[in-house]
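Chemist: First the structure, which I've put down as structure tokens, then a few questions once you've had a look.
Just so it is clear, none of the values below were taken in a lab; they were calculated from the coordinates. The model shown is predicted, which means the values in this text are computed figures rather than measured ones. Neighbour counts run over all protein chains shown; Cβ positions are idealised from the backbone, glycine included.
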Amino acid sequence: MKNDYISQIHKKDKLLIHPYEDFEKKGTYDRKLILKSNNIYLYDEDGKEYIDGPGGMWNNNIGHGNTEIGDAVKDQISKMDYCSPFTESTEPAAELASVLSEISPGDLNSIFFTTDGSTANDTALRFVMFYNNVLGRPNKKHIITRDRAYHGSTYLTASLNGKDREKNKFDFEKKFIHHLSSPLPYRRQKDQTIEEFCNEKVNEFENKINELGSENIAAYIAEPILASGGCIITPDGYIKRFWDLCKKHDILYISDEVVTSFGRLGHFFSSEKVFGIIPDIITTAKGITSGYMPLGAVLFSDKLMQDVKKESSVFIHGYTYSGHPACCAAALKNIEIIKRDKILEHVQNIAPYFQKKMQELIDIPIVGDVRGMGIMSGIECVMNKDSKEALVLDQAIGNRIDEESLKLGLIIRPLYHVCVLSPALIITKKQIDELIEKLNQAITNAMKKVKAEGLWSE
């Protein structure tokens, strides 16, 4: 029997429309109420402990319960809570811009602050349209993206997304946005090598450029790892070859590092350090504050800034909370902690162990593929390992793994038949072992359920 206070919170929660709300079921059930957090753990209304497997939403990089960030936010608000970013500047915003310039690759030295990843990507897209108008190229507006991509929830960024099952009953921009096929090697044709698969994707991009005409293409936008697409790791050389084509054809390369920045792959930014490219634009969010405060940013190259230095080239774009002082203070403290506690080095050292332990899950009969890099991983379940056929009801396995995981004290992120993990970067070997043990048992239990229900068979 829940106490009166908790019962009242559940009652009030039914007024909320949550992200991905099923309106048919709204108000008919109680969501799990999380009351406390610490390290890599969350605690519910009953005091039960859970490993935060997704690290919030890919964003809790330094772990939960860090009082230093809380103090930094409190101190900033006490000192100066807010002023308009349209007409004034603040110390935290200026300091953070300077820090981002220092840790970013190449000449990406101009920073525009947003509120999250969606608004960062939306800003990047608005800029490239503006950029080509300033340069007198009004037809150079087409944007190329990929299937299984995720870039946000604004009207424009959602149009970039390549997850068909998440487009139900929404409208999208289709005239100037084009999707290439998914770069998931696991789903390549039978007997096709990884190299052949990579060549196929590169050729597809080049053919699309020839089809549209490079004079009409503004930008290519890509996540280094397609996170919400199921943690898709592209073949070796894929990203560099796409970047080379962009350079060859005067197409801006936008690297969506909303997930992969601030340590997820062991570096502040992965574009250059991991994949060997320096994009024209980088977008970031999530780990920039480790989820403690909402903040996003767009990093622009010096070349782009020089190109738009013309009369009447005012970028009429911004947000009320662009560079909010408290959010910037949180980001500065977050970066300080990452540097001081050598979290990047920790990721580089422990990531091989994390990925090795994840590979143990491939022995479960229903698991077809386990993939990942750094501290992020995706586990794909299939009907048959040889045919790689998806489950008859692939959402069923994800939901059941989620249910079984919760029973065992583990939170995951189910994406239909793929389970995604991205725990806090401070995770230890002992905690990794604990996570894998729980996940292994949860998948096994879920497998038994779908087998008993006739949805899967060995």
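Chemist: Need the list of lysines near Lys32 for cross-linking: C-alpha distance under 18 angstrom, and skip anything on the same chain fewer than eight residues off.
Modeler: Here the lysines satisfying the reach criterion relative to Lys32 are Lys2, Lys11, Lys12, Lys14, Lys48, Lys407.
Chemist: So between His18 and Lys407, what do we pick up on full extension, going 0.36 nm a residue minus the alpha carbon distance?
Modeler: Extra length from His18 to Lys407 when fully extended: 137.8 nm.
Chemist: I've got another one for you. Among Leu184, Val259, Phe113, whose Cα projects farthest towards the positive end of the dipole of the chain, with charges put on the beta-carbon of Lys, Arg (+1) and Asp, Glu (-1)?
Modeler: Farthest along the dipole direction, towards plus: Leu184.
Chemist: What is the dipole size for the chain, taken about its Cα centre, with +1 at each Lys and Arg Cβ and -1 at each Asp and Glu Cβ, in debye to the nearest 20?
Modeler: Here the size comes out at about 440 debye.
Chemist: Provide the gained length on full extension for the span Asp191 to His317, in nm with one decimal, where the gain is 0.36 nm per separating residue minus the Cα-Cα distance.
Modeler: Result for the pair: 40.4 nm of gain on full extension.
Chemist: Could you sort the peptides 327-335, 367-375 by per-residue average Cβ neighbour count (10 Å cutoff), highest mean leading?
Modeler: 327-335, 367-375
Chemist: With viscosity set to 1.306 mPa s and temperature to 10 °C, compute the Stokes-Einstein D of the stretch 276-373, Rh being the Kirkwood radius across alpha carbon pairs; µm²/s, no decimals.
Modeler: Rounded, D is 91 µm²/s.
Chemist: Okay, next question. Per Stokes-Einstein, at 37 °C and 0.692 mPa s, what whole-number D in µm² s⁻¹ belongs to the stretch 188-290, with the Kirkwood radius over Cα pairs as the hydrodynamic radius?
Modeler: Once the numbers are plugged in, D ends up at 226 µm²/s.
Chemist: Using the Kirkwood radius built from alpha carbon pairs, what does the Stokes-Einstein equation give as D for the stretch 68-340 at 20 °C and 1.002 mPa s, in µm² per second?
Modeler: D, rounded to a whole number, is 111 µm²/s.
Chemist: Okay, moving on. So what is the relative contact order of the chain, in percent, for Cα pairs below 8 Å that sit 6 or more residues apart?
Modeler: With pairs under 8 Å counted, the relative contact order is 21 percent.
Chemist: Quick one: Karplus J couplings for the stretch 128-133, per residue in order, coefficients 6.51, -1.76, 1.60, θ = phi - 60°, nearest Hz, x for Gly and Pro?
Modeler: Once θ is set to phi - 60°, the couplings for the stretch 128-133 become 5, 5, 4, 3, 6, 5 Hz.
Chemist: Looking at the calculated P(r) for the stretch 156-200, what percent of the C-alpha pair distances fall above 13 Å?
Modeler: Roughly 62 percent, rounded to a whole number.
Chemist: Here is a follow-up. Can you tell me the alpha carbon radius of gyration of the chain divided by the globular rule-of-thumb value 2.2 N^0.38 Å?
Modeler: 0.99
Chemist: Where does each of 141-154, 233-246 land if you order them by average Cβ count within 10 Å, highest first?
Modeler: 141-154, 233-246
Chemist: Given a Förster distance of 30 Å, report the FRET efficiency between Tyr5 and Asp81 from their Cβ-Cβ distance, rounded to the nearest 0.05.
Modeler: It comes to 0.50.
Chemist: Right, next: Quick check on the stretch 18-126: what are the equivalent-ellipsoid semi-axes from the Cα gyration tensor, as sqrt(5λ), descending, whole Å?
Modeler: Ellipsoid semi-axes (Å, largest first): 33, 20, 16.
Chemist: Still on this structure: Treating only the Cβ atoms of Lys and Arg (+1) and Asp and Glu (-1) as charged, compute the dipole magnitude of the stretch 159-310 about its Cα centre; round to the nearest 20 debye.
Modeler: 380 debye
Chemist: Give me the percent of DSSP beta bridges within the chain that run antiparallel, rounded to the nearest 5.
Modeler: Among the beta bridges of the chain, antiparallel pairing accounts for roughly 65 percent.
Chemist: Right, here's the next one. Tell me the relative contact order for the stretch 68-340 as a rounded percent, counting alpha carbon contacts under 8 Å between residues six or more apart.
Modeler: Dividing the mean separation by the residue count of the stretch 68-340 yields 31 percent.
Chemist: Any idea what log10 I(q)/I(0) is at q = 0.20, 0.21 Å⁻¹ for the stretch 318-458, Debye with uniform C-alpha scatterers and no solvent?
Modeler: -1.09, -1.16
Chemist: Distance between the C-alpha centers of the stretch 202-231 and the stretch 395-428? Whole Å please.
Modeler: If we compute the Cα centre of each part, the gap is 30 Å.
Chemist: Treat every Asp and Glu Cβ in the stretch 30-187 as -1 and every Lys and Arg Cβ as +1, leave all other atoms uncharged, and give the resulting dipole magnitude about the Cα centre to the nearest 20 debye.
Modeler: Its charge dipole is roughly 1260 debye.
Chemist: Once you have the Cα-Cα distance between Lys169 and Asp71, take 0.36 nm times their residue separation minus that, and quote the gain in nm to one decimal.
Modeler: That pair, Lys169 and Asp71, stretches by 30.9 nm at full extension.
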